[in-house]
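Report on the structure given below.
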Amino acid sequence: MNAPTHKLSVVEKVGYSLGDLAANLIFQTLVTFLAFFYTDVFRIAPGQASLITFVSGMIGAFVFTPIMGLIADRTKTRWGKFRPWILWTAVPFGGLALLAFSTPALSPEGKIIYAWVTYLLLLAVYAANNLPYSALSGVLTSSMAERNSLSSYRFVAVMFAQFIIQVLLLPIVLMLGDGDKTVGFHNAMILFASMGIVCFIITFLTTKERILPIAKEKTSVAQDISDLFRNLPWLIMLIVTVLVFINLSLKGSAYIYYFKNYLDEAALIAFLNNIGFNTFIASLNSFVISMGFSGFKWPEDPATSAFSLFSACSILMQIVGIFFSKAIADKFGKRNTFGVALFVSTLFLLIFNWFPKDAIALCYIANICHGLAYGVTVPLLWAMVADVADYSEWKNHRRATAIIFSAMIAGLKAGLTIGGSLLLSILAFYGYDATLSVQTPETISGIKASISIYASIPFFLAVASLYFFSISKKMETQIETELDDRRKAAGQ
């Protein structure tokens with residue numbers, strides 16, 4: 001029989017979260033550095049690299065992900081539906097990540113073919129790994145409060161991976177390659193792939209699927225798809241997911257332009273000196289050299305250095321926000337907590353448009369506040385998706401966890417693709433020219449608007465969409481209670 005109020009152990013929560021740490025060491029590298037790797041390391045022309053990443057990304061979102069959702073929901077093994085896929089894909093995921101960031105000596109045409117094949121294969125295995133992993137959170141426990149807690153553990157791991165990649169990857173690459181980025185990327189991916197394989201195996205060993213479809217349930221692909229489009233909370237969460245990831249991709253890609261082209265370089269240098277950051281990096285470099293390495297090669301130009309610190313502050317504050325998320329959501333419900341926190345975080349994002357170019361401290365303070373508020377929302381998005389799977393079972397008497405999660409992951413990938421393309425379109429519209437040492441006032445206005453006004457619009461629309469999301473705190477309790485009664489009656 002199910003244990004409807006089952007409390008997950010810390011070991012199981014940590015074990016589950018290690019799966020996201022493993023996946024995000026690769027995923028964050030793809031999102032942040034794949035374009036740079038293709039153009040500056042593997043030497044593929046930017047136009048070809050853009051085509052490879054865009055087309056492959058859309059295939060991953062709208063072909064691989066939904067197919068995998070249908071397959072996972074129909075998987076039956078003694079280990080469950082979803083856990084086996086984490087085990088089966090662990091080694092292929094690590095191996096393909098290494099191949100995707102390798103630089104074989106090929107002709108220009110051979111490099112393009114190699115990039116197409118390795119990236120598409122990596123995205124296929126990523127879907128086969130990450131979709132079942134995400135769906136697993138919906139079947140570990142029927143307790144919605146425990147899911148809040150599980151999501152908090154999970155996204156601390158995500159933020160840790162994000163910190164490693166966005167803040168430390170380039171120094172790690174320079175260290176492991178002794179200044180050679182080609183060798184450094186290869187060695188870094190060997191490290192990340194090995195860590196990932198171990199973490200996936202731990203996830204498989206420490207988790208247990210407890211929520212099973214009621215025995216008399218009969219499902220078909222047509223029923224699953226029909227259920228989706230009659231599920232308003234699912235549709236709202238799909239819209240919210242797309243909008244959130246448009247924002248993340250747009251602002252995440254635009255920040256570096258804000259630092260390089262708008263903020264005053266002298267003010268950046270003074271700020272880094274005044275807070276003791278440059279002294280800290282010098283001391284760290286001396287320590288690394290004393291350990292026998294080639295040195296901690298932190299980016300030297302002020303804009304990149306300040307941007308890396310800026311990213312680190314945001315990630316650390318998001319982790320702090322995650323810790324507050326469960327307690328607030330348990331009291332006020334996920335929907336209300338998510339909407340209020342997202343709205344507050346957007347206000348701190350919006351004000352970047354009006355900061356003077358020498359107001360470096362204000363930029364960091366606003367970023368810290370934005371990161372703290374946004375961090376509260378991070379674990380709630382996927383906890384709410386798990387609730388949508390429960391809502392679907394409650395309404396339709398059929399459970400289709402993986403297909404629901406696959407739609408959300410497709411929305412995530414689509415949002416990332418749209419956001420990245422949108423930034424390039426905005427820069428082109430405002431006349432950005434990478435060859436100019438100083439951009440025109442019109443271009444500067446466009447860059448400022450990209451990380452503030454334009455990036456705020458998707459968040460505000462997401463907040464407005466939540467008005468139509470019907471799963472309130474009261475309904476969460478009702479769904480949880482009635483589903484538990486059904487499972488008891490079915491003898492599960």
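The values are calculated or read from the model by the stated rules, or taken from the named source; none is laboratory data. Everything numeric here is computed off the predicted structure, so don't read it as measured data. Cβ sites come from the backbone with ideal geometry, for glycine too, and all protein chains shown count toward neighbours.
Side notes on the structure shown:
- Positions within the range 49-78 being among the hydrophobic types (A, V, I, L, M, F, W, C) and under 23 Å from F37 (Cβ atoms), in sequence order: A49, L51, I52, F54, V55, M58, I59, A61, F64
- Single residue of S325, S308 found to be within 27 Å of Q28 (Cα to Cα) and at pLDDT below 90: S308
- Residue in the range 269-281 that is of a type in the set (A, V, I, L, M, F, W, C) and exposed (fewer than 14 other Cβ atoms within 10 Å of the Cβ) present: yes
- Pick from the range 23-81, criterion of a type in the set (F, W, Y) and more than 24 Å from the chain's Cα centre (by Cα), ranking: surrounded by the most Cβ atoms within 10 Å (Cβ to Cβ): F42
- Considering I447, I457, I418, the condition of being aliphatic (A, V, I, L, M) and either buried (at least 20 other Cβ atoms within 10 Å of the Cβ) or under 30 Å from G80 (Cα atoms) (or both) is satisfied by I447 alone.
- Scanning the range 250-278 for residues that are at pLDDT below 90, more than 27 Å from the chain's Cα centre (by Cα) and among the aromatic types (F, W, Y) yields one hit, F277.
- One residue alone among A428, A464, A434 is without any contact (Cβ under 8 Å) to a residue 40 or more places away in the chain, assigned to a loop (DSSP other than H, G, I, E, B) and either within 21 Å of the chain's Cα centre (by Cα) or surrounded by fewer than 23 Cβ atoms within 10 Å (Cβ to Cβ) (or both), and that residue is A434.
- When D390, D484 are checked against the criterion of being farther than 23 Å from H370 by Cβ, acidic (D, E) and surrounded by fewer than 20 Cβ atoms within 10 Å (Cβ to Cβ), a single residue qualifies: D484.
- From the list A35, A49, A90, the lone residue that is at pLDDT 95 or above and either assigned to a loop (DSSP other than H, G, I, E, B) or closer than 24 Å to L169 by Cα (or both) is A90.
- Residue among S314, S283, S345 that alone is touching a helix residue (DSSP H, G or I) at 6+ places or on another chain (Cβ under 6 Å), hydroxyl-bearing (S, T, Y) and farther than 18 Å from Q166 by Cα: S345
- Looking across the range 48-66 at every residue that is β-branched (V, I, T) and free of Cβ contacts under 8 Å to residues at least 12 places away in the same chain, the one that is nearest to N129 (Cα to Cα) is identified as V63.
- Filter pass, I322 being in contact (Cβ under 8 Å) with a residue 40 or more places away in the chain and either out of contact with any Leu (no Cβ under 7 Å at 6 or more places or on another chain) or surrounded by fewer than 20 Cβ atoms within 10 Å (Cβ to Cβ) (or both): yes
- Options S142, S102, S149: the member that is in contact (Cβ under 8 Å) with a residue 12 or more places away in the chain and either surrounded by fewer than 21 Cβ atoms within 10 Å (Cβ to Cβ) or within 16 Å of the chain's Cα centre (by Cα) (or both): S102
- Given (1) under 26 Å from I197 (Cβ atoms); (2) outside any helix (DSSP H, G or I), number of the condition G69 does not satisfy: (2)
- Of the residues making up the range 333-353, those that are surrounded by fewer than 21 Cβ atoms within 10 Å (Cβ to Cβ) and either at pLDDT 95 or above or closer than 17 Å to M317 by Cβ (or both) are V340, F343, V344, L347, F348, L350, I351.
- Test for L238: is it buried (at least 18 other Cβ atoms within 10 Å of the Cβ), assigned to a helix (DSSP H, G or I), at pLDDT 85 or above and over 27 Å from the mean Cα position of the chain (by Cα): no
- Scanning the range 246-283 for residues that are part of a helix (DSSP H, G or I) and of a type in the set (G, A, S) returns S249, G252, S253, A254, A266, A267, A270, A282, S283.
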